[in-house]
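The values are calculated or read from the model by the stated rules, or taken from the named source; none is laboratory data. Keep in mind that what you see is a predicted model, and the values were worked out from it rather than measured. In this analysis, Cβ positions are derived from the backbone assuming ideal geometry, glycine residues included, and neighbour counts consider all displayed protein chains.
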Amino acid sequence: MPLNKATPAVLLLDDGTVYYGTACGAIGTTCGEICFNTGMTGYQELFTDPSYYGQILVTTHVHIGNYGIKEKPVDESQSESIQIAGLVCRSFSTFHARPQATGSLQQFFIRQNKVGIEGIDTRALVRHIRSRGAMNAIISSETTELTTLRRRLAEVPSMAGLELSSQVSTRQVYELGDPSAPFRVAALDLGVKRNILEQLVQRQCYVRVFPARTTYQEMKAWQPHGYLISNGPGDPAAMDYAIHTVAQILDDRMPLFGICLGHQLLALACGVPTFKMHHGHRGLNHPVRNTLSGRCEITSQNHGFAVDADVLRQRRDMLVSHINLNDLSIEGMCLKHKPAFSVQYHPEAAPGPHDSRYLFDQFISLMRGEPLSWMTQEAEVQASEA
């Protein structure tokens with residue numbers, strides 16, 4: 001259904017809070033957990049990030065869509081489609097000013113039947129979410145009748161306990177890079193972003209991407225030099241199949257790099273629990289300190305679950321390698337006696353700085369068989385003092 005800019009729309013939160021605005025994108029109704037991202041740019045990358053699957057995204061920057069969408073010659077999307085369940089914003093631009101753009105955000109949303117609402121006081125909404133915490137919500141431009149919307153919203157499951165990776169993962173194995181490259185990487189696709197795979201290809205890796213529920217034996221048969229456990233949506237504790245796969249990789253002492261959801265799964269495979277955060281970390285400028293080097297990184301983040309810091313710090317076989325300087329939550333860890341490490345943030349993202357791309361080089365070093373700093377006594381002392 002085409003958009004009429006005067007079409008009224010409503011946003012209803014699970015706690016009963018209501019916001020009225022006007023429709024953007026397609027006309028319809030959509031539900032999901034509401035969350036917010038503080039980035040000022042990169043909306044195409046955000047909307048197509050599979051980690052946002054099942055979530056209604058609030059963009060805190062005032063103007064969204066003003067530089068359009070770019071799909072060729074280089075596609076800025078991180079997957080084949082828009083992954084967010086819906087969009088909430090202050091001002092949605094139906095026109096764009098970037099000459100390189102291949103279309104408007106409005107056309108992008110209409111083509112993929114994605115629903116949004118604009119004209120919302122997103123500052124007030126974000127303050128509300130920060131106070132009350134993440135919760136489910138519903139957007140509708142089909143009806144503003146609240147009783148009907150409340151009934152539908154009550155049927156939406158909580159993100160806690162929800163397994164979503166198998167819904168966004170590739171259905172078929174595929175390869176990227178040069179088959180004669182010196183390193184073969186098996187990537188377990190739990191909702192992988194394109195830029196992650198591209199970073200590996202740029203470092204002379206031939207990458208084979210496997211569906212989420214692929215067994216370790218199937219991946220091992222390809223004889224990779226290392227394993228990437230990707231980002232993705234949902235509750236990591238609900239992913240027994242992936243936790244088991246990660247544990248088997250560790251048992252074989254193969255090089256392993258976990259990113260975001262992959263970080264959480266590595267923790268669970270080692271017996272360290274995860275928990276649902278109050279409202280998560282989503283933005284482009286989260287400060288993180290590397291406890292081994294002492295350096296600070298400006299990072300891109302998108303996660304609603306985290307690793308239990310108290311349990312992790314008690315483990316003698318693991319080190320906290322990175323911490324968030326805003327709330328001191330765990331942002332990275334490594335195993336002292338196995339070639340495995342992970343980070344909670346996104347080292348492949350490029351919101352401006354490229355502070356964290358050294359982590360891909362670190363993974364390459366592991367595949368070369370080189371011992372890294374955390375395996376030394378000196379690193380152990382540094383991390384314990386951090």
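Brief remarks on what is shown
- Exclusive hit being modelled with pLDDT of 95 or more, assigned to a loop (DSSP other than H, G, I, E, B) and touching a helix residue (DSSP H, G or I) at 6+ places or on another chain (Cβ under 7 Å), set 84, 120, 138: 84
- Residue count, the stretch 27-52 (criterion: among the hydrophobic types (A, V, I, L, M, F, W, C), under 26 Å from the mean Cα position of the chain (by Cα) and over 17 Å from residue 90 (Cα atoms)): 1
- Considering the stretch 170-212, the qualifying strands (runs of 3 or more DSSP E), each wholly inside and each with 3 or more residues that are in the same structural domain as residue 255 (by TED's automatic domain parsing) and crowded, with 18+ Cβ neighbours inside 10 Å, run over 183-188, 205-210.
- Evaluation of residue 39 against the conditions (1) at negative phi; (2) part of a strand (DSSP E or B) shows that the sole unmet condition is (2).
- Residue that is surrounded by the most Cβ atoms within 10 Å (Cβ to Cβ), among those in the stretch 317-340 that are touching a His at 6+ places or on another chain (Cβ under 7 Å) and within 16 Å of residue 283 (Cα to Cα): 331
- Pair list, Cβ < 9 Å and 6+ apart or interchain, from the stretch 177-188 residues that are on the phi > 0 side of the Ramachandran plot to residues that are in a loop (DSSP other than H, G, I, E, B) and surrounded by fewer than 19 Cβ atoms within 10 Å (Cβ to Cβ): 177/204
- Residue selected from the stretch 101-117 under the condition within 24 Å of the chain's Cα centre (by Cα) and part of a strand (DSSP E or B), by the criterion surrounded by the fewest Cβ atoms within 10 Å (Cβ to Cβ): 115
- Qualifying residue in the stretch 61-70 (condition: outside any strand (DSSP E or B), in contact (Cβ under 8 Å) with a residue 12 or more places away in the chain, touching a strand residue (DSSP E or B) at 6+ places or on another chain (Cβ under 8 Å) and basic (Lys, Arg)): no
- Under the condition of being in a loop (DSSP other than H, G, I, E, B) and touching an Asp or Glu at 6+ places or on another chain (Cβ under 7 Å), the residues counted in the stretch 213-234 number 1.
- Consider the stretch 236-267 and keep the residues that are assigned to a helix (DSSP H, G or I), of a type outside the set (Gly, Ala, Ser) and surrounded by fewer than 22 Cβ atoms within 10 Å (Cβ to Cβ). The one that is farthest from the chain's Cα centre (by Cα) is 251.
- Hits in the stretch 1-27 - residues which are on the phi < 0 side of the Ramachandran plot, part of a loop (DSSP other than H, G, I, E, B) and not aliphatic (A, V, I, L, M): 2, 4, 5, 7, 14, 15, 17
- Some residue of the stretch 122-129 being of a type in the set (Ser, Thr, Tyr), free of Cβ contacts under 8 Å to residues at least 12 places away in the same chain and over 21 Å from residue 257 (Cβ atoms): no
- In the stretch 141-152, the qualifying residues are those that are part of a helix (DSSP H, G or I) and surrounded by fewer than 18 Cβ atoms within 10 Å (Cβ to Cβ), and the one that is nearest to the chain's Cα centre (by Cα) is 152.
- Cross-chain or 6+ apart pairs with Cβ under 6 Å, the stretch 199-212 first and at positive phi, then at pLDDT 95 or above: 204/181; 204/182
- Test: residue in the stretch 6-22 that is outside the structural domain of residue 260 (by TED's automatic domain parsing), over 21 Å from the mean Cα position of the chain (by Cα), surrounded by fewer than 24 Cβ atoms within 10 Å (Cβ to Cβ) and of a type in the set (Asp, Glu): yes
- Candidates 50, 8, filtered to the one that is touching a Ser or Thr at 6+ places or on another chain (Cβ under 7 Å), touching a residue at least 60 places away in the same chain (Cβ under 8 Å) and more than 22 Å from residue 103 (Cβ to Cβ): 8
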